[in-house]
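Data first, discussion second: the structure below is written as structure tokens.
Read-outs throughout are calculated quantities, based only on the coordinates presented, and are distinct from any laboratory measurement. Keep in mind it's a predicted model, so treat the numbers as computed, not measured. Because the Cβ atoms are built from the backbone with ideal geometry, glycine has one as well, and the counts that use them run over all protein chains shown.
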């Protein structure tokens, strides 16, 4: 089963996809957000291209565990996505995924300019990998 990982932001959507066995997640790109219709069409393209069977969307939960404005916006986006694709959509707590992505890119000695271009893709891969690890350890889908 191939799973699409999403890091949904206000300006971009980071995209990652799992291998067919569901063991690893690889970042594959970023969607520059224009409007809801365009964003959903681009996601539909990735879903078809990679024969996606499930989506894992990162939810930016506040550090204290509460749901803030950013998380509410992602939940609204997920509802819109559900209306355009007939796939299960799991959510994943993405706290600190961008911080981890930044750390990985700094360790790779990537310039600030290059980091800015790929950070959302790397964050999506981190979100997806966390989701895959949970599934593979527990044998159950994340809620």
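Taking the DSSP beta bridges with both ends in segment 1-101, the antiparallel portion is around 55 percent.
How large is log10 of I(q)/I(0) for segment 4-134 at q = 0.10, 0.15, 0.17, 0.19 Å⁻¹ when the intensity is taken from the Debye formula with one equal scatterer per alpha-carbon? Debye curve over Cα of segment 4-134, log10 I(q)/I(0) at q = 0.10, 0.15, 0.17, 0.19 Å⁻¹: -0.29, -0.66, -0.86, -1.08. Approximating the spin labels as points 7 Å out from Cα along Cα→Cβ, the residue 79-to-residue 102 distance works out to 3.1 nm.
In terms of surrounding Cβ atoms within a 10 Å radius of their Cβ, 12, 24, 121 rank from fewest to most as 24, 12, 121.
Taking every alpha-carbon pair under 8 Å whose residues sit at least 6 apart, segment 1-97 reaches a relative contact order of 27 percent. Taken over segment 79-143, the alpha-carbon convex hull comes to 106 cubic angstrom per residue. Peptides 130-139, 59-68 ranked from most to least packed give 130-139, 59-68, packing being the mean of other C-beta atoms within 10 angstrom over each peptide's residues.
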